[in-house]
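Asks: Okay, handing you the structure first.
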Amino acid sequence: MDIRVNLPKLRILPAPEERLRTLTNGADQAEALAEKARVKAEPYLQTVYAVRRRLATGAVAVLTVWLFVHVMFGANGMAVYRAKKAEYQKLQKDIDGLQKENDEYTEQVNELKTDPKRIEKEAREQFHYARPGEVIYVAPAPPALAQPATRTAQR
């Protein structure tokens, strides 16, 4: 029989004074590293600080140009707006024309329902009705051209 006990490794923490001393030693190194980085970056920061107004003006100009392009040519820009306005006007003309045509048809239907002269006219034209004693003459349909019997005759 094998009896093993797995105990985690014990870690001995240093005393608080020792931890503080280690921290202060590391802080000195971190300060030195930060000062070295600041000295290296100083010329670049001075250049950026000197041209900050020019950079801001340039950024505003770029933003303005982008906004103008977006307003003029974007998904809902002026070009699209004008195209949609022209399409709307064309459709409005079509609607007006169709409404006028619809009114004419409605007027014709009302005349066919109520006006006896109009009813008589349509009956005479479409059904070839006549009053007693009248004779209607209808011209015969023009004869169809006969197709030639052979192909050589077609040429």
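Read-outs throughout are calculated quantities, based only on the coordinates presented, and are distinct from any laboratory measurement. This is a predicted model, so every value here is computed, not measured. So basically every Cβ, Gly included, is an ideal-geometry build from the backbone, and we count neighbours across all protein chains shown.
Asks: Which whole DSSP H helices in the chain pass both tests: a Cα extent of 15 Å or more along the axis and a mean Kyte-Doolittle value no lower than 0.5?
Replies: Values: long enough: 16-50 (48 Å, -0.71); 52-73 (31 Å, 1.18); 78-114 (53 Å, -1.38); 116-127 (16 Å, -1.94).
For the chain, where a helix must reach 15 Å along its axis and average at least 0.5, the hits are 52-73.
Asks: Each label point is 7 Å from the Cα along the Cα-to-Cβ direction; what then is the distance between the points at LEU13 and GLU42, in nm?
Replies: 4.2 nm
Asks: With springs only between Cα atoms under 10 Å, which of THR47, THR57, THR22 fluctuates most in a Gaussian network model of the chain?
Replies: Of THR47, THR57, THR22, the most mobile in the Gaussian network model is THR22.
Asks: Could you tally up the Lys pairs in the range 75-130 with alpha carbons closer than 25 Å? Skip any pair fewer than 8 positions apart unless they're on separate chains.
Replies: 9
Asks: While we're on this one: Would you be so kind as to identify which of ALA61, GLN147, LEU98 lies farthest towards the positive end of the dipole of the chain, taking Lys and Arg as +1 and Asp and Glu as -1 on Cβ and the Cα centre as origin?
Replies: ALA61
Asks: Using 0.36 nm times the number of residues separating ALA50 and TYR137, minus their current alpha carbon distance, what extension gain do you get? Please report the intermediate quantities before stating the final value.
Replies: Numbers: separation 87, 0.36 × 87 = 31.32 nm, distance 10.44 nm.
Working it through step by step, the gained length comes to 20.9 nm.
Asks: Compute the distance in nm between two label points, each set 7 Å from the Cα along the Cα-to-Cβ direction, one at ALA79 and one at ALA59.
Replies: Between ALA79 and ALA59, the simple spin-label model gives 3.0 nm.
Asks: Round to a whole angstrom and tell me the spacing of the C-alpha centers of the range 89-108 and the range 1-77.
Replies: 71 Å
Asks: Another one. Which residue, ASP96, ASP115, ASP28, tops the fluctuation ranking in a GNM of the chain built on C-alpha contacts under 10 Å?
Replies: Taking springs between Cα atoms under 10 Å, the residue moving most is ASP28.
Asks: Tally Lys and Arg at +1 and Asp and Glu at -1 over the other residues with C-beta under 12 Å from the C-beta of LEU91: what net charge comes out? Numbers along the way, then the final one.
Replies: On the way: positive: LYS84, LYS85, LYS90, LYS93; negative: GLU87, ASP94, ASP96.
Summing Lys and Arg as +1 and Asp and Glu as -1 gives +1.
Asks: Only Lys, Arg, Asp and Glu count, each charged at its Cβ (+1, +1, -1, -1), so figure out the dipole size of the range 1-144 about its Cα centre, rounded to 20 debye.
Replies: 1140 debye
Asks: Something else now. Cut-off 10 angstrom, C-alpha nodes, Gaussian network model of the chain. Which of GLU31, GLU104, GLU17 fluctuates the most?
Replies: Comparing GLU31, GLU104, GLU17 in a Gaussian network model of the chain, the most mobile one is GLU17.
Asks: Could you tell me which of LEU33, VAL80, GLY133 has its Cα farthest along the dipole of the chain towards the positive end, charges placed at Cβ (Lys, Arg +1; Asp, Glu -1), taken about the Cα centre?
Replies: My answer, from the dipole projection, is LEU33.
Asks: Taking log10 I(q)/I(0) by the Debye sum over Cα atoms at q = 0.09, 0.14 Å⁻¹ as the quantity of interest, determine which of (i) -0.89, -1.06; (ii) -0.31, -0.69; (iii) -0.39, -0.88 was computed from the displayed structure.
Replies: For log10 I(q)/I(0) by the Debye sum over Cα atoms at q = 0.09, 0.14 Å⁻¹, the calculated option is (i).
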